[in-house]
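For reference, the structure is listed below as structure tokens.
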Amino acid sequence: TSGTWGGGAGTFTPNNNTLNAVYTPSAAEEAAGSVTLTLVSNDPAGPCPVATSTVTITINPIATIDAGADQTTCIGGSITLAGIIGGGATSGTWSGGAGTFAPNATTANATYTPSAAEEAAGTVTLTFTSDDPAGPCASVNDQMVITITQLPTVGAGLDQTICNGSTATLSGTIGGAATSATWTG
């Protein structure tokens with residue numbers, strides 16, 4: 001008429017006498033990757049023996065993924081991506097960019113070259129998504145932002161001719177990503 005769950009080091013909610021209890025594995029069981037639980041019937045009335053049945057719960061590690069830190073490059077530059085794959089994931093794929101991935105978008109540390117449109121926009125967000133790992137665990141993703149700065153520009157002005165003992169008024173200009181300049185020579 002009733003039964004008791006046993007065999008696990010985790011917790012049964014609401015208790016181990018509930019046939020449809022929720023079982024939460026212990027940290028050791030998660031690390032081991034499985035746990036076997038046994039359901040034992042209470043001593044039935046009469047001469048019949050108790051009945052037992054086991055169930056094995058396989059515990060898959062969740063997928064983990066890290067797209068790495070946000071990075072900055074100049075127009076015309078490339079970025080070496082720093083994706084990290086772990087847990088139940090065995091591979092990952094980069095997406096979200098219109099540029100090129102070398103050697104390909106499934107290489108965690110691919111080199112990414114932004115497109116002209118991304119350079120004009122000044123930014124691109126890439127997403128690194130894990131493969132769909134075996135078992136019930138879902139894939140995961142992480143994003144990183146590439147900021148694309150304008151190249152610095154500098155102009156020294158036109159060549160000048162002055163008389164000996166005179167001074168020259170310089171007319172330097174800066175632009176793009178440059179915020180200051182220094183005369184030398």
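The values are calculated or read from the model by the stated rules, or taken from the named source; none is laboratory data. Every value quoted in this text rests on a predicted model; they were computed, and no experiment measured them. So basically every Cβ, Gly included, is an ideal-geometry build from the backbone, and we count neighbours across all protein chains shown. Please note that ligands, DNA and RNA were not included when accessible areas were found on the heavy atoms of the full protein model with its side chains. Shrake-Rupley method; radii C 1.70, N 1.55, O 1.52, S 1.80 Å.
For the range 22-67, relative contact order (Cα pairs under 8 Å, six or more residues apart, normalised by length) works out to 39 percent. With 13 Å as the cut-off, how large is the P(r) tail for the range 140-180, expressed as percent of Cα-Cα pairs? Here the long-distance tail beyond 13 Å is 69 percent of all Cα pairs in the range 140-180. For residue 171 and residue 149, what does the FRET efficiency come to when R0 = 41 Å and r is the distance between their Cβ atoms, rounded to the nearest 0.05? It comes out at approximately 0.95. Using alpha-carbon pairs under 8 Å, 6+ residues apart, how would you state the relative contact order of the chain in percent? This gives 16 percent for the chain.
Using the Cβ of residue 91 as centre and a radius below 12 Å, the other residues enclosed give a net charge of -2, where K and R count +1 and D and E count -1. A 1.4 Å probe run over the range 22-69, with the rest of the protein chains in place, finds 62 Å² accessible per residue.
Ordered by 1.4 Å accessible area with all protein chains kept, 124, 50 run largest first as 50, 124.
When peptides 152-163, 7-18 are sorted by average Cβ neighbour count within 10 Å, with the highest value leading, the order is 7-18, 152-163. Protection proxy ranking, highest mean first, for peptides 92-98, 64-70: 92-98, 64-70, where packing is the per-residue count of other beta-carbon atoms within 10 Å, averaged. Looking at the chain, the pairs of alpha carbons with a distance over 19 Å make up 73% of the total.
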